[in-house]
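Step one of this worksheet: look at the structure below.
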Amino acid sequence: DSVDKGEYRHFMLKEIYEQPRVVKATMEGRLTDSSVLEQALGTDAADLLENVRHVQIIACGTSYHAGMVARYWIEELAGVPCSVEVASEYRYRKHVIQPDTLFLCISQSGETADTLAALRQAKEAGFRAALAICNVPGSSLVRESDLVIMTQAGPEIGVASTKAFTTQLTALLIFTLALARHNGLAPEKEAEIVKAIHLVPGQVNDVLALDGEIEELSKAFMDKNHSLFLGRGSQFPVAMEGALKLKEISYIHAEAYPAGELKHGPLALVDSEMPVVTVAPNNDLVEKLKSNLEEVRARGGELFVFADKEAGVKSEEGIHVMQIPSVHEITAPIVYTVPLQLLSYHVAVLKGTDVDQPRNLAKSVTVE
Ligand code: G6P
């Protein structure tokens, strides 16, 4: 039962472990073995997607990070320009709306005040349509949107969002493929990515099997006050989400940077008191990332690297490598999120914080 902790010590841990199942549930009925079932996204979906020339994503918190990952996907696979902004900024500034823009709100609860306010404004501002990615049926966001893709995460009790995020990513990737189909994505490429999506629940399970090792690593963060999270490309938002998890529940200051920005400031902070966490799937950027890691190590920084086992990143003095099974580059952000969730969870448990109810935070911010 989803509102019972069962065998788990905290809801957060239970929800982390539910991810293989709920990611699968979010795929169900929306994919064949090799393609996206567009009609499952709504009867009007095909007409609507045919005419979209730009996507504006709006969200807050963890949902905003899901939107940031989606921007990489939408521009790479669909070739459609995409902007992402936090709702609290978007709603209070003037904006230029491109013709035929789809307004895409992402929200676990569907009740976040800023996200709803941005949507209500958008309706008057002349967007083509509003699409919601949401976890709560019947929420305000769902009721007020033209098209809805429900995530199937089930109730999320832990204030720090985990399974909502990975199911949002799953829904966003399916949406991206549907949009990409209207914009010239080759059927073979669609089939390749759909096959990769089908592998995700099993890959998340493989990462969960590393829990004990990650718990060991977490001890190194116990007495630290600051940390840096690095990622490149679509793993940059994964690093942001990893940093958010750590600050939310362990109260350790964590900052995320795109690895390429290291020399433009954060390197000045690196010393043995500043652990640096990095996500390194095996893509075109891995060589560049390795030289960033070298820069950190040369300054005495201690590195914690979650790397593809084929990426050639090895544990040595000052570098702790946790090997992640090889995954497709497109689905990597979903899989690499999970070890960072486990890391923050174990650090928080060691520090004895209230993991499910971190101080000063609410599950849903329904007032400004
Ligand atoms: C709060 C929660 C976060 C969540 C954010 C956005 O800050 O603590 O976990 O990501 O709100 O909420 P939403 O329901 O709109 O996704």
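Laboratory data are not the source of any read-out in this text; all were calculated from the coordinates shown. Please read all numbers here as calculations on a predicted model, not as lab measurements. In this analysis, Cβ positions are derived from the backbone assuming ideal geometry, glycine residues included, and neighbour counts consider all displayed protein chains.
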Original post:
Measuring from a point 7 Å past the Cα of Tyr251 along Cα-to-C-beta, which residues in region 351-368 have an amide N at less than 20 Å?
Top reply: 351-363
Subject >> Top positive-direction residue, dipole computed over region 168-244 with Cβ charges, set Ala239, Ser218, Pro201 >> reply: Ala239
Original post:
When the helix-only estimate is applied to the chain (DSSP H runs of n ≥ 4, each -39,500 (n - 2.57), divided by the residue count), what is the mean residue ellipticity at 222 nm, nearest 500 deg cm²/dmol?
Top reply: -13000 deg cm²/dmol
**OP:** Report the relative contact order of region 15-104, percent, no decimals, based on alpha-carbon pairs under 8 angstrom and at least 6 residues apart.
**Re:** 30
**OP:** Could you rank the peptides 307-316, 98-107 by their average count of other C-beta atoms within 10 Å per residue, with the highest value first?
**Re:** 98-107, 307-316
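By DSSP, what percent of the beta bridges with both residues in the chain are antiparallel, rounded to the nearest 5?
Numbers: 2 of 42 bridges.
Taking every DSSP beta bridge with both residues in the chain, the antiparallel ones total about 5 percent.
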**OP:** Express in whole angstrom the spacing between the alpha-carbon centres of region 8-67 and region 167-223.
**Re:** 11
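Using Cα pairs closer than 8 Å and at least 6 residues apart in sequence, work out the relative contact order for the chain, in percent. Kindly include the intermediate steps, with their values, before the conclusion.
On the way: 725 pairs, mean separation 71.9, N = 368.
The value is 20 percent.
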